[in-house]
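Written out below as structure tokens is the structure these notes cover.
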2 protein chains.
Amino acid sequence: MKAEIIAVGTELLMGQIANTNAQFLSQELAGLGIGVYYHTVVGDNAERLTEVLALARQRADWVILSGGLGPTDDDLTKQTLASFLGRDLVPDPAGLAKLDAFFASSPKRIRTANNDRQVDTIEGARVLPNRTGLAVGNLIEDQGVTYVVLPGPPSELQPMFLEQVAPLLQQDQALYSRVLRFFGIGESQLVTRLADLIRNQTNPTLAPYAKVGEVTLRLTAQAASWEEGEQLLNQLEAAILQEGDLKDYLYAYGDDQNLAQTVLDLLRERGLTLTAAESLTAGLLQAELAGLPGASTVFPGGFVTYSLEQKSQMLGIPLEDLRAAGMVSAWAAEQMAAGARARTGADLALSLTGVAGPDKLEGQEVGTVWLGLAGPEGTSSHRLYLGGRDRNTIRQLAVLEAFHLTLKTLIK
Amino acid sequence: MKAEIIAVGTELLMGQIANTNAQFLSQELAGLGIGVYYHTVVGDNAERLTEVLALARQRADWVILSGGLGPTDDDLTKQTLASFLGRDLVPDPAGLAKLDAFFASSPKRIRTANNDRQVDTIEGARVLPNRTGLAVGNLIEDQGVTYVVLPGPPSELQPMFLEQVAPLLQQDQALYSRVLRFFGIGESQLVTRLADLIRNQTNPTLAPYAKVGEVTLRLTAQAASWEEGEQLLNQLEAAILQEGDLKDYLYAYGDDQNLAQTVLDLLRERGLTLTAAESLTAGLLQAELAGLPGASTVFPGGFVTYSLEQKSQMLGIPLEDLRAAGMVSAWAAEQMAAGARARTGADLALSLTGVAGPDKLEGQEVGTVWLGLAGPEGTSSHRLYLGGRDRNTIRQLAVLEAFHLTLKTLIK
């Protein structure tokens, strides 16, 4: 099965944004065992989009379009595809009801005639409701080619694809997949360890994917039944963990089961609470934890202690001692964790202090980070060196390392 | 003049990387007054690349290729273009000498026959030396079309383009652009207000772009000089603000001047500090502020007060009064802001409390948010309704609204 991705938007051709939707869709399609042969970007222009559609129809079974579903005159993807397929556009009643509710809910929102364009749907197409936005998507088969129309914003495109399109593709292919999540090993090292397995893959296939600080492996088996699929996946997983000696790095399974979610689940299971005192990360860790539904059962709140004075004042650390030890030190990390735990009464407390850059701090290199962890069994500190990276990557990695430290402590 | 960008690489079609080269080249070409009409991504496959070249030749004056110049068998961009143009490949002597020196400089480097492919050049082409890598680029004109071949790594592609290709592309008619940033008005409403201006645009052009919570307008003028460009942009900007009655929504200019940056700049200019007490956003606002270099001069730290108990304890709000008023209330927002200001000694303190969902809280609808702002002139509270959105969008919008409230207060 061949797929082709068409992104519509002059902002892409002007370089205002990168085509991250094509990257996301390519990853997902690869995981589903579907080959992507071309990406195309075309502007908000009906004539050129029509030419691109005519070409794609000749070379792909699935044509996936993103962007151009908004309310402005520029947004013409559904209009152009409808006319390419010789069909009409009709309003989707459910989408229209949602639009009505959206505008009814706040008197400040002013509805204009072009807003209704967003909920138009191509006659005969399957409507793809938009859980996180207003513009509805479409899926339509015509002369053996399936066209999928998705909204441009990644926050709308991703759930729509994952929840509504991927299951259809999976069904077609009888594919069974499993995601293994690793932390503490880089992608190139992991791929080197699995070189033979990757080279010889046929069924199941094996696709590594690196995000900031973690690597996932997607195993995809084509099989006649769920049982057969599971058996193939179990064999490959065993081979991966054994040949690659990767047991110590595997921390969870599944697309959404990232470190924060894994820690949250374990805390809930054990009935424990967690607080944090963040310096270089300044709330990133707490915001990520609280971004997960149900966080309020384990997370009472915490501290953003950015300046030296606030570390002392909010967490009850003697100012002179803190000055002497330094903010980026084992002592400071331990005091911060212990102080946060004492002040909130949480079962566990994390602290993060370090140098995100661009400049050195207290004479210490950019990338130097101390984590502290306080719990019923005492307080510990852990040094990380995350240098050679930019400010925000260092902060993100520090958050992941802190979640990983919590995870290791919880499962010990 | 029309340009088209072709990126070659199976790693792009697998989603392992995003096509940031196309974004970079598009930005640069826009700045040079050259319209980009298509981006294409094609795998490491001679047949498909030849088809893509045949199509590009029909629709562009400049065809810019990136990737596929490396030493592996997969790398076949120059080979394919040479055969498409009916020409031979010959080694570039200067590139070969650099390759010799590279391998001579470290005994650990092992040179294989394949390595020499990198310095091949298409007969009759201008060689583009690679200052930051080994693979040489090419520029060749054939039947009125100019082909440019650039290496895939951005660290090699960018200097090669900027230093060797851009100077050739300089034209008399350059483009001058300006970005206007609006907050508090939706894209569809803004576009409706500017419908006539958008419909009648020729020079300068006008492109709206919406992100979460804000809309930007890019104005682009084609002009013979900077002065003429500025004059055209000034006229259009005045028309936009007047016809659209948009003065109250414009808050800044420029690609990177988002709300957090604008607030940070103003605070630094005035020598003021800002703290925050965050409930539903749980550190998002503080993390965003601290993500900007130089934040430490204005941001001492703050509070993540997620539970009712921690709102009371960290900020000194009487527990029974808080229970009576409710956490999502004007009173709570004011107490939180005043408490955070008192406890940190900051000049200004923001508070954010509300219902991010998925469930109602204290009987209040998902999307109900109260902001508090405490300063030397007293404390105020502000109700928002951000319903009809998902949990994380509500949180992001609440942060933007809080920054906007601060901005309005600072410029009042």
If I take R0 = 25 Å and measure r between the Cβ atoms of A:Leu197 and A:Glu228 in this structure, what FRET efficiency does the formula 1/(1 + (r/R0)^6) give, to the nearest 0.05?
0.80
Residue exposure sequence - A:His404, A:His39, B:His382 - by fewest surrounding Cβ within 10 Å
B:His382, A:His404, A:His39
Note on the stretch B:342-412: the mean projected area of its alpha-carbon convex hull, in nm², is 5.3 nm²
Taking amide H atoms as placed 1.01 Å from N in the peptide plane, list the residues 5 or more away in sequence, or in a different chain, whose amide H sits under 5 Å from that of B:Phe303.
A:Val304, B:Ala276, B:Ala277, B:Glu278
Neighbour-count ranking [beta-carbon atoms within 10 angstrom, fewest first] of A:Ile411, A:Ile394, B:Ile6, A:Ile34:
A:Ile411, A:Ile34, A:Ile394, B:Ile6
Which distance in Å, rounded to a whole number, links the C-alpha centroids of the stretch A:215-240 and the stretch B:68-99?
40 Å
What list do you get for B:Met14, B:Met327 if you sort them by fewest beta carbons within 10 Å?
B:Met14, B:Met327
Once the convex hull of the alpha carbons of the stretch B:61-152 is built, what does its volume come to per residue, in cubic angstrom?
91 Å³
For a quick check: with amide H placed at 1.01 Å from N, whose amide H comes under 5 Å from A:Gly152's, ignoring anything fewer than 5 positions away on the same chain?
A:Gly67, A:Gly68, A:Leu69
Cα-based convex hull volume of the protein assembly as shown per residue, rounded to whole Å³
183 Å³
State, to one decimal in nm, how far the label point of B:Ser380 lies from the label point of A:Asp100, with both points 7 Å from Cα in the Cβ direction.
3.7 nm
Net charge (Lys, Arg +1; Asp, Glu -1) of residues whose beta-carbon lies under 14 Å from that of B:Gly316, B:Gly316 excluded, is 0
One can check that the equivalent ellipsoid of the stretch A:1-92, built from the alpha-carbon gyration tensor with semi-axes equal to the square roots of five times its eigenvalues, has lengths in Å, largest first, of 21, 17, 12
Quick one: 3J(HN,Hα) in Hz for the stretch A:176-187, Karplus 6.51/-1.76/1.60 with θ = phi - 60°, rounded, Gly and Pro as x.
10, 10, 8, 10, 9, 10, 10, 9, x, 9, x, 4
Using 0.36 nm times the number of residues separating A:Leu168 and A:Arg59, minus their current alpha carbon distance, what extension gain do you get?
37.2 nm
Name the residue from B:Thr281, B:Ala333, A:Leu232 whose Cα lies farthest towards the positive end of the charge dipole of the protein assembly as shown, charges +1 on Cβ of Lys and Arg and -1 on Cβ of Asp and Glu.
B:Ala333
Just the Cα atoms of the stretch B:186-240, one point each, no solvent: what log10 I(q)/I(0) does Debye give at q = 0.30 Å⁻¹?
-1.21
Checked the stretch A:130-271 against the a/c 1.5 cut and the a/b vs b/c comparison, axes a ≥ b ≥ c from its Cα gyration tensor; verdict oblate
Okay, helix-only estimate at 222 nm for the protein assembly as shown: each DSSP H run of n ≥ 4 adds -39500 (n - 2.57), divide by all residues, round to 500 deg cm²/dmol; what do you get?
-11500 deg cm²/dmol
Would you mind computing the Rg to Rh ratio of the stretch A:2-173 from its alpha-carbon coordinates, Kirkwood style for Rh?
0.95
Two pseudo-spin positions, 7 Å from Cα along C-beta at B:Asp321 and at B:Asp74, lie apart in nanometres by 6.5 nm
Principal semi-axes in Å for chain A [√(5λ), Cα gyration tensor, largest first]
45, 28, 20
Please figure out what share of the DSSP beta bridges in chain B is antiparallel and state it in percent, rounded to the nearest 5.
65 percent
Whole-number percent relative contact order across chain B, with pairs defined as alpha carbons under 8 Å at least 6 apart
10 percent
Cross-link partners among lysines for A:Lys412, C-alpha distance below 21 Å, same-chain residues fewer than 8 apart left out?
A:Lys247
Length gain on complete extension for the stretch B:Gln242 to B:Arg131, per 0.36 nm per residue less the alpha carbon to alpha carbon distance?
35.0 nm
For the stretch B:215-287, just run the numbers: alpha carbon Rg, then divide by 2.2 N^0.38 Å, N being how many residues it has.
1.53
Which percentage, to the nearest 5, of the DSSP beta bridges contained in the protein assembly as shown is antiparallel?
70 percent
Compute and list, largest first, the equivalent-ellipsoid semi-axes of the stretch A:99-159 from the alpha carbon gyration tensor, each √(5λ) rounded to a whole angstrom.
26, 13, 8
Using modelled backbone amide H atoms (1.01 Å from N, in-plane), which distant-in-sequence or interchain residues come within less than 5 Å of B:Ala223's amide H?
B:Ala174, B:Tyr176
Against the 2.2 N^0.38 Å scaling, with N counting residues, where does the stretch B:259-411 land? I'd like the Cα-based Rg ratio to two decimal places.
0.96
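Since every read-out is calculated from the coordinates, none of them should be taken as a lab result. Because the structure is a prediction, the values reported are computed rather than measured. Here Cβ is always computed from backbone atoms with ideal geometry, including for glycine, and neighbour counts include all displayed protein chains.
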